[in-house]
Every structure is written in C-alpha cells, then in structure tokens.
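Trainee: Once you've had a glance at the structure underneath, I'll fire off some questions.
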Amino acid sequence: MTVEHEGARPRSPIQRYFAGLAENTFQSQLGVVDPPMIDYLTDLLIRSVRTDVVHRVRSVNGKPLMSVPEMVAEAAARLGDAKRELHQHIGDFTLFWAGIYPEALRQSEDQSGKFETYCSFGKRSYRIASEIDAADETAPTATLLERLSIRFDLCCYGLREVRRQWESGGDEEFGPGSILLN
C-alpha cells in the first residue's frame, strides 16, 4: 500500500480504498510494480467519481463536449498546455470507460469496433500529451503519459479487476469486506 509521507496531505477513506484496490490488483495480481502509474490510476478513479470533472471539457462556445470525437476535434484546435491537458483528459476519459464500464461501450447499436476505436483514441491521446512539454510542474510527466499510452490495454484490464473487487465487497482471498477503510 502507498506509504503516506511526512508532510503529505492526509488521504480520505475513499482515496485509501481505491489505492488499496489498485495496488492489490496491479502489484499483487498482475505483477506491475509502477507506483507512479498506480497512483495516477488511483487518482483517476477518485476524479471520475464526480461527473462535473468527467464532463468538464467545453467547446469555445461553452457547450460541454460529451463525445470523444468532439473532444479530439477540440484538441486539434488548441495549443500548448491546453492541447496537452485536453489530450490527457481524452486518455483519462477513454481509459476510465474502457476499463471500468466496457459494457457501456459495447451496448451501442453499432458495436463493430467501438471498443477498439475508443481505446485507440485513448492510446493516441496519451501519446500526444506526452510529446507536449508541460508548463505546470505538478502535471503528470511525459514518461508517465507515454507509459499509459503503451500500457493502455493492461490498465484497462487492471481497472476491470479493480471494479470486480469493489463489486465483490473486498479481497476475495480473505472474504467480503476485508479491505478496511480506517
């Protein structure tokens, strides 16, 4: 589990819960020992709890952009940090939906290739974001965004496993409710 460092802000119960699920899934089950990536995925889960954050991207006329093709078109018109942030958001948006709720992508009338297309948008967007220098020192590093692009499919699978664990009520090895929030 992620160690809280002295001087770091305290983590809420939901942060600790998602961190425990993500660390257990990626490190213990999948053998992926990449703390920055796992921390990013934990933060992605926490950010995605709020729909106003998930649907925060707006066009120049203020209309919320709800579809990935709309977001991609908007990203093409932006420059610098704005372009990087929007491509990162597209990567996050697609990773969340493809990882946590893939069935929502497969329920459309035209199911042929929608899931794969969604994932390709996410991979491409993380790669593009990794190629744009960030002015904000707190922004994710280019190498982290590049790893998210390269390991997108693995991250999707891991997030599906995280969902399976939270739906089962905890770590199946120890029984429901064994993941503590204190």
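Trainee: Roughly speaking, what is the stretch gain from Glu167 to Glu137, that is 0.36 nm per residue apart minus the C-alpha to C-alpha distance, in nm to one decimal?
Mentor: Numbers: separation 30, 0.36 × 30 = 10.80 nm, distance 3.60 nm.
Extra length available between Glu167 and Glu137 comes to 7.2 nm.
Trainee: Could you put Tyr40, Tyr126, Tyr157 in order, starting from the residue whose Cβ has the fewest other Cβ atoms within 10 Å?
Mentor: Details: Tyr40 21, Tyr126 28, Tyr157 17.
So the ranking, lowest neighbour count to highest, is Tyr157, Tyr40, Tyr126.
Trainee: By a straight-distance test (C-alpha under 17 Å), which lysines pair with Lys114 as possible cross-link partners, with residues fewer than eight away in the same chain excluded?
Mentor: Lys123
Trainee: Tell me which of Met66, Tyr40, Ala76 sits at the most positive position along the dipole axis of segment 13-168, charges placed on C-beta atoms (Lys, Arg +1; Asp, Glu -1).
Mentor: Met66
Only the coordinates and a few stated rules stand behind these numbers; no lab work does. Everything numeric in this text was worked out from a predicted model, so none of it was measured. Don't worry about glycine lacking a Cβ; one is built from the backbone with ideal geometry, like all the others, and counts go over all protein chains shown.
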